[in-house]
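The structure under discussion appears below in the form of structure tokens.
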Amino acid sequence: MPLEAGLLEILACPACHAPLTEEDTELTCTGQDCGLAYPIRDGIPVLLVDEARRPA
């Protein structure tokens, strides 16, 4: 389920403050040195660094 229109425009990575992009069931940081992926659970982004998936 896509995020509400305009919400993605105001969200930023909590770790590095770079913009986020939506990919399936997670939001991915666009920062080159960061790249954390935050889960979306029941339509709600979980923007906690401890819950984020590290880049491969």
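In the range 26-44, the qualifying residues are those that are open to solvent by 100 Å² or more (accessible area, probe 1.4 Å) and in a loop (DSSP other than H, G, I, E, B), and the one that is farthest from Leu8 (Cα to Cα) is Asp33.
Exactly one residue out of Leu20, Leu8, Leu47 is assigned to a helix (DSSP H, G or I), under 10 Å from the mean Cα position of the chain (by Cα) and surrounded by 12 or more Cβ atoms within 10 Å (Cβ to Cβ), and it is Leu8. Scoring Arg53 on the criteria (1) open to solvent by 100 Å² or more (accessible area, probe 1.4 Å); (2) free of Cβ contacts under 8 Å to residues at least 12 places away in the same chain leaves a single failure, condition (2).
The values are calculated or read from the model by the stated rules, or taken from the named source; none is laboratory data. In this text, all values refer to a predicted model and were calculated from it rather than measured experimentally. Cβ: placed from backbone, ideal geometry, glycine included. Neighbour counts: every protein chain shown. Heavy atoms of the whole protein, side chains included, go into the accessibility calculation; ligands, DNA and RNA do not. Shrake-Rupley method; radii C 1.70, N 1.55, O 1.52, S 1.80 Å.
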